[in-house]
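For reference, the structure is listed below as structure tokens.
The values are calculated or read from the model by the stated rules, or taken from the named source; none is laboratory data. Quick caveat, the model's predicted, so the values are computed rather than measured. Positions of Cβ are generated from backbone atoms using ideal geometry, with glycine treated the same way; all protein chains shown enter the neighbour counts. Heads up: the accessible areas ignore ligands, DNA and RNA and are worked out on the full protein's heavy atoms, side chains in. Shrake-Rupley method; radii C 1.70, N 1.55, O 1.52, S 1.80 Å.
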Amino acid sequence: QHSLIVTPIQAAVMLSTIANCGKILKPKLIKSDKTQIKKTIFMPDEIRNMILEGMDRVVSSKEGSARGNIISKLRKNPKLLQEYKALAHQFVGKTSTTEFMHSSSISPSTKAQKHTNSWFATISFEEPKSNATKKQIWQKPELVVIAQLNFGSSGKEAAPLAFEIIKKYRQLKKNGEI
């Protein structure tokens, strides 16, 4: 890994572009806003599927950096862990940890210390109607979520927050509230 300077909204636009097969969408916060395509870039299915497969492994594989069994919040809540695992392949993600220098003192003589912020960036896909393959599921993107924990320890710890946002979104959608 190397230096990458990106904001959460830039990461969301990047993930949305992958989810939407190369269509760069204007970010929006309100569902009722019309979706605007700002630009389209070349993204072959082979490349898109490779990226999504890697992100799927982060969440669903035995070695994934955001697999449910290694996340402390999920281990403490077995019901939430089961729900997280049940959505295998319906959301994919990428963990990230950013480092920054911070001084909690207003004294100019106090040296700044290195701290971390944790991110989990995810794409969720609509619930499949049957036993669909991963590639079939990945044809219907639903939501992009970036969860950031300031002063967090690792990106995996932000995954349950992103997952709960997806869960709440689906509940609101099912109830016709969005």
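Tell me, which residue of segment 29-49 that is touching a strand residue (DSSP E or B) at 6+ places or on another chain (Cβ under 7 Å) and assigned to a loop (DSSP other than H, G, I, E, B) is nearest to Gly176 (Cα to Cα)?
The initial filter retains those residues of segment 29-49 that are touching a strand residue (DSSP E or B) at 6+ places or on another chain (Cβ under 7 Å), namely 35-41.
From what's left, assigned to a loop (DSSP other than H, G, I, E, B): 35-36, 41.
Values: Thr35: 19, Gln36: 23, Ile41: 33 Å.
Among them, the one singled out is Thr35.
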For segment 124-155: of the residues being of a type in the set (Gly, Ala, Ser) and under 13 Å from the mean Cα position of the chain (by Cα), which is surrounded by the fewest Cβ atoms within 10 Å (Cβ to Cβ)?
Ala147
Take the residues in segment 75-88 that are modelled with pLDDT of 95 or more and surrounded by 17 or more Cβ atoms within 10 Å (Cβ to Cβ); name whichever of them is nearest to Thr7 (Cα to Cα).
Tyr84
Do we find that Thr97 is within 21 Å of Val144 (Cβ to Cβ), open to solvent by less than 50 Å² (accessible area, probe 1.4 Å) and in contact with a Gly (Cβ under 7 Å, 6 or more places away or on another chain) in this structure?
no
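Can you tell me which residues in segment 18-29 are within 18 Å of Tyr169 (Cα to Cα) and either among the acidic types (Asp, Glu) or surrounded by 11 or more Cβ atoms within 10 Å (Cβ to Cβ) (or both)?
Restricting attention to segment 18-29, the residues satisfying the condition of being within 18 Å of Tyr169 (Cα to Cα) are 19, 27-29.
Correct list: Ala19, Pro27, Lys28.
For Ser103, indicate whether it is of a type in the set (S, T, N, Q), at pLDDT below 90, more than 21 Å from Cys21 (Cβ to Cβ) and surrounded by 12 or more Cβ atoms within 10 Å (Cβ to Cβ).
On the way: of a type in the set (S, T, N, Q): yes; at pLDDT below 90: yes; more than 21 Å from Cys21 (Cβ to Cβ): yes; surrounded by 12 or more Cβ atoms within 10 Å (Cβ to Cβ): yes.
When the stated conditions are applied, Ser103 passes them.
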So Ser72 ticks every box in (1) modelled with pLDDT of 95 or more; (2) more than 30 Å from Glu177 (Cα to Cα) but one. Which box is left unticked?
(1)
Can you report the number of residues in segment 30-54 which are surrounded by fewer than 11 Cβ atoms within 10 Å (Cβ to Cβ) and under 17 Å from Thr122 (Cβ atoms)?
0
Just one of the numbered conditions (1) modelled with pLDDT under 95; (2) open to solvent by 70 Å² or more (accessible area, probe 1.4 Å) is not true of Asn117; which one?
(2)
